[in-house]
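Please treat every number below as a calculation from the coordinates, not as lab data. In this text the structure is predicted, and so the values were computed from the model without any measurement. Ideal geometry is used to build each Cβ from the backbone, glycine not excepted, and the neighbour counts take in all protein chains shown.
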Amino acid sequence: MKKAWRNDAYSKVTGRAQFTDDMKLQGMLHCVPVYSQKYIHCKIKGLTGLEEAAAIKGVVRVITHKDIPGKANFGQIVQDYFMLTVDRIRCEGDVIALVVAESREQAIEAATLIEVIGEELPLLLDPQQAMADEKNLIHPGKGSNIINHHKIRRGGDIDTILADCDKVLQRSYYTGHVEHGYLEAETALCHERPDGVMEVRGSMQHPFSTRRFVASLLGCPLADVEIVGNPTGGGFGGKDDTAAMVCARAALAAKLCGRPVKMTYKREWSIRESYKRHPYKLEYTIGLKGKMIHAVKVKMLADGGAYTSVTPWVTWRSTVQCCGPYQVENVHCDVYGVHTNNIFTGAMRGFGAPQVDFSVEQWVEDCAQALDMDPLEFRRINMVTQDCETITHQKLDNHIVSLEEVMDKALEISDYVNKSKQNSHGSFKSKQSFSSGKSDAPVAYDKLYGIGLAISYRGCSLGAEGMDFCSAIINCQFDGSILLEVGIHENGQGAESAMIKLLQRELGVKQDRIRYNRPSTSHIPDGGTTVASRGTLMGGGAVVHAVENLKKIIASSVYEKLQCSVEEVKIDQDKVYGPRVTMSWEEAMHQMFLNSDYPYAFGVFQAPKVDWDEETGRGNAYFTWGYSCQIAEVEVDLKQGKVQLIGVSAVHDAGKVVDMDMIKGQVYGGFTQGYGMGIMEDIGLKEGRIVHNNFNKYKIPRSTDMPDFKVEFIQNPDPNSPSGAKGIGEPALEIAAAATANALHNALGKRFDHYPMILEKEK
Amino acid sequence: MNKSMINGKEMILKQDDLEKKLIHFLREDLNLTGTKNGCEIGVCGSCTVLLDNQAVKSCVKKVSHIVDKELITIEGLEGPQGELHPLQQAFIDAGAIQCGFCTPGMVLSSHAFLLKNKNPSREDMRRALKGYLCRCTGYQQIVDAVELAAKSY
Ligand code: FES
Ligand code: FES
């Protein structure tokens with residue numbers, strides 16, 4: 001067996017890795033958040049219990065919005081989130097005050113004494129109603145509860161076109177809130193340094209975003225805040241806003257108390273306060289002409305909850321990908337993000353795609369059925385192909401469109417066609433024994449079997465969502481060792497190790513020379529957030545460009561010694577050489593020292609230009625696309641109401657693979673999260689309150705829920721990505737629930753129009 | 001006098017400490033921070049330690065539970081010179097580590113399991129790890145790691 005390698009594996013397997021809550025500082029205080037137990041939506045008339053709380057033994061300070069030196073409100077797009085509430089509570093997760101004490105227990109005790117004096121406001125919990133309500137506004141200043149509206153208008157008048165179709169289908173789908181479920185809850189440790197800089201450590205996904213939150217709350221310049229990277233115990237898109245706010249609050253407490261402050265969340269607080277994946281309501285009307293999807297009219301409502309966060313970006317991706325990976329002549333799409341008094345929603349792995357994929361990949365099969373066609377055949381006829389145009393008029397001609405190849409490979413490794421003959425379709429008629437992928441034992445007679453598939457294409461990185469650039473620094477030492485820094489963040493996915501491997505591959509030196517130096521926000525330019533599966537793509541691009549620069553610097557320093565021209569200098573296999581003379585890497589680095597030249601290079605990767613027209617929904621939305629197919633096999637025990645996943649096959653074109661073990665780990669983990677979302681994860685929302693606030697009730701997949709996977713890659717190095725890689729984090733997740741839904745349909749003979757797809761026990 | 005063996009060293013437990021939650025005692029008082037806190041209600045397994053070679057969740061135990069027992073945390077699994085236990089090496093080799101937050105609990109629970117089960121199937125391993133959550137890996141490479149290490153038990 002080839003052995004896997006990661007730079008952080010040793011520290012993590014020995015317990016040495018220092019996550020933020022594992023660290024202590026001399027004289028450290030503990031800070032906890034205070035929530036209202038009474039209100040979800042109210043005007044705040046005042047707070048009670050502040051003095052009583054301050055009188056509890058050990059309490060050092062009680063903090064309210066009045067103590068904030070900077071701005072209470074912040075946000076990535078719209079600054080409508082209050083890090084400490086000012087005049088309103090808008091959802092259950094709002095923080096009304098902070099308590100700082102010598103011990104965490106003391107702070108927690110004191111926090112229970114504080115409550116809001118409120119004037120109750122009507123609860124808006126249904127996005128449809130909230131959208132129509134012009135009187136009760138969650139943010140009165142905004143004039144409406146609508147956060148954003150994206151659209152696509154392609155082709156002529158959609159109703160006329162639909163009326164002219166051979167067949168028309170109507171389908172509606174609903175999806176639930178999903179919790180990220182990172183095992184490490186939010187945590188921060190802050191102290192003000194003697195030089196006046198607020199030093200912040202914490203669990204987060206985006207140090208630069210965190211820095212903006214901290215600086216805004218403290219009212220200081222960005223340069224006066226330094227975010228130092230610590231290991232992060234999982235993110236999945238969920239450690240941006242909330243994690244940043246926890247850091248900002250801890251920094252505020254440290255500033256006000258003049259002592260180091262730690263703020264570590266309990267799981268219950270984390271689930272209560274952190275943003276979730278958006279619930280969607282999707283209404284599709286699909287018109288078929290011949291064997292083609294001729295027209296699609298779709299309206300989506302996304303529940304953005306009380307705050308904007310990145311809802312406009314999430315819903316934008318749903319807009320661009322509203323028809324799944326299919327070519328459709330006429331599209332009329334409206335996607336709304338809407339405020340409600342539910343917990344706010346934001347980035348989560350998949351980012352507006354899983355809801356759409358869950359819907360499209362089901363109605364595509366319904367269309368095939370309506371035409372009496374094989375769903376695979378129907379997909380082949382309608383899917384995106386080389387040089388075709390997407391629904392937003394983007395020509396797919398700058399990379400290899402491998403969707404059909406990806407699907408064929410998945411069909412092959414899963415033995416899909418043969419196995420689908422065993423689908424139960426709701427009756428126990430097919431009782432032959434067959435290999436379930438788990439063992440060769442015959443399947444018991446009282447279970448239903450189904451195999452299901454889903455495909456997708458996914459725009460890589462941020463697209464027209466935002467600024468997309470990243471940098472890398474290679475700092476070779478004169479003894480031959482190398483320090484690497486990249487403006488992306490290690491969330492646990494192995495980003496640092498991937499960067500090391502890329503540097504090793506591109507520069508042609510031994511891997512063990514390279515040490516990844518996790519940069520702080522004061523050491524490297526803002527590289528954007530490590531979301532949108534962009535770490536390897538963008539960070540890798542920056543590394544490749546830095547290597548190109550470094551090679552030139554080395555060549556122009558050592559060429560004379562190598563008795564050749566600058567252009568003839570090559571680096572490979574740990575050697576620097578020309579046609580006549582060869583130096584070891586160490587000799588070359590030493591030579592540069594003698595020449596007073598720094599073997600130091602900076603590299604930048606700027607994403608190629610993308611464009612978008614908000615009015616027509618026209619544009620080159622993403623600079624390249626990845627392709628996926630996942631297949632799930634289930635057994636259903638109707639009596640127990642239990643679904644057992646017995647096989648998974650996944651094939652992805654994520655460009656050139658940097659590290660096989662790590663990319664497979666992404667697929668295993670991504671599918672598992674998507675499957676959990678599809679089949680079991682439920683925050684138990686009751687009147688705006690999250691009842692399932694710990695892992696006893698918020699169930700996520702366990703080892704016995706998952707089978708062994710078969711995973712393969714189609715590796716088409718992407719010409720738009722300097723490293724050839726495209727990213728995998730999200731493709732791995734986005735179609736798992738859709739594949740499972742189709743498998744369940746093939747087992748049960750009926751469809752779910754919502755997730756989580758929880759079966760009732762038979763009575 | 002209340003005593004316990006913690007990672008091979010005898011330790012005298014103060015009367016005042018006996019009622020503390022074991023996880024807090026380990027993390028806050030002994031600085032054994034490899035023991036992680038993921039839920040604090042006994043359902044995620046991140047806080048797992050070995051008590052007389054049984055995997056227990058330290059967030060639902062008190063310090064009084066370790067009196068006269070031998071306790072091993074993740075810090076106590078490696079050899080005296082920092083040599084990795086074969087199971088730890090297997091977690092690295094199989095690529096079973098992503099964010100690493102679940103890793104100490106996974107390693108210790110698998111260790112307890114392998115001590116008692118000589119020739120486990122992958123299904124047995126999955127059953128044994130049922131009480132331990134991992135949000136990153138989908139479990140496959142963790143099961144691979146346990147399978148890889150099983151040979152050295
Ligand atoms: S922290 Fe003890 S089981 Fe989760
Ligand atoms: S590796 Fe992240 S929770 Fe297991």
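Modelled spin labels at B:K9 and A:Q563, positioned 7 Å past Cα toward Cβ, are 6.1 nm from each other.
Overall shape: oblate for region A:9-155, with the ratio a/c of the largest to smallest alpha carbon gyration tensor axis at 1.5 or above and b/c at least equal to a/b. Residues whose amide H lies under 5 Å from that of A:V95, counting only those 5 or more places away or on a different chain, are A:T85; hydrogens are built 1.01 Å from N in the peptide plane. Residues B:E83, B:E70, A:E226, A:E184, ranked from the fewest to the most other C-beta atoms within 10 Å, line up as B:E83, B:E70, A:E226, A:E184. Each part gets one Cα centre, and for region A:219-290 versus region A:101-122 those centres are 21 Å apart. Each label was represented as a point 7 Å from its Cα along the Cα-to-Cβ direction; for A:D387 and A:L169 these points are 3.1 nm apart. Of interest is the spacing of the C-alpha centroids, which for region A:169-200 and region B:93-153 amounts to 28 Å. Between A:K142 and A:E52, what FRET efficiency comes out of the Förster formula 1/(1 + (r/R0)^6) with R0 = 41 Å and r the beta carbon distance, rounded to 0.05? So, using R0 = 41 Å, E works out to roughly 0.65.
Between A:K421 and A:K710, how high is the FRET efficiency from 1/(1 + (r/R0)^6) when r is the Cβ-Cβ distance and R₀ = 22 Å? Nearest 0.05. Working shown, then result.
On the way: r = 19 Å, r/R0 = 0.88.
Here the calculated transfer efficiency is 0.70.
3J(HN,Hα) along region A:514-519, derived from phi through the Karplus expression 6.51 cos²θ - 1.76 cosθ + 1.60 where θ = phi - 60°, amounts to 9, 10, 7, 9, 4, x Hz, with x in place of Gly and Pro.
Exposure proxy ranking for A:V331, A:V296, A:V60, based on other Cβ atoms within 10 angstrom of each Cβ and starting from the fewest, stands as A:V60, A:V331, A:V296. Set the Förster radius R0 to 51 Å, insert the Cβ-Cβ distance between A:E614 and A:V197 as r into 1/(1 + (r/R0)^6), and round the FRET efficiency to 0.05. The computed FRET efficiency comes out at 0.80. Adding -39500 (n - 2.57) for every DSSP H run of four residues or longer, then dividing by how many residues the protein assembly as shown holds, sets the calculated 222 nm ellipticity at -7500 deg cm²/dmol.
Using DSSP to define loop residues, name the GluC sites (Glu not before Pro) in region B:1-30 whose beta-carbon has at most 16 other beta-carbon atoms within 10 Å.
Passing both the DSSP loop test and the Cβ count: B:E19.
Apply the a/c threshold of 1.5 to the C-alpha gyration tensor of region A:605-711 and tell me whether it is rounded, prolate or oblate. It is oblate, given that a/c is not under 1.5 and a/b is not larger than b/c. Put simply, the amide H of A:L29, placed in the peptide plane, has neighbours under 5 Å in A:V261, A:K262, leaving out anything fewer than 5 places away on its chain. Overall form of chain A: oblate. Here a/c, set by the Cα gyration tensor axes a ≥ b ≥ c, is 1.5 or more, and a/b is not larger than b/c.
Simple point charges give the picture: +1 on the Cβ of Lys and Arg, -1 on the Cβ of Asp and Glu, and for the protein assembly as shown a dipole about the Cα centre of about 1520 debye. Just need the relative contact order of region A:268-321 here, percent rounded to a whole number, with Cα pairs under 8 Å and 6+ apart. Relative contact order comes out at 28 percent. Return the whole-Å distance between the Cα centroid of region A:37-53 and the Cα centroid of region A:593-641. Cα centroid to Cα centroid, the span is 44 Å. Counting neighbouring Cβ atoms within 10 Å and putting the fewest first, the residues A:L376, A:L594, B:L18 line up as A:L594, B:L18, A:L376.
Structural descriptor for region B:3-77: relative contact order 41 percent, calculated from alpha carbon pairs under 8 angstrom and at least 6 residues apart.
Around the amide H of A:G238, modelled in the peptide plane, lie the amide H atoms of A:R349, all under 5 Å away and 5 or more residues distant in sequence or on another chain.
Share of pairwise Cα-Cα distances greater than 17 Å in region A:469-606 is 56 percent (whole percent).
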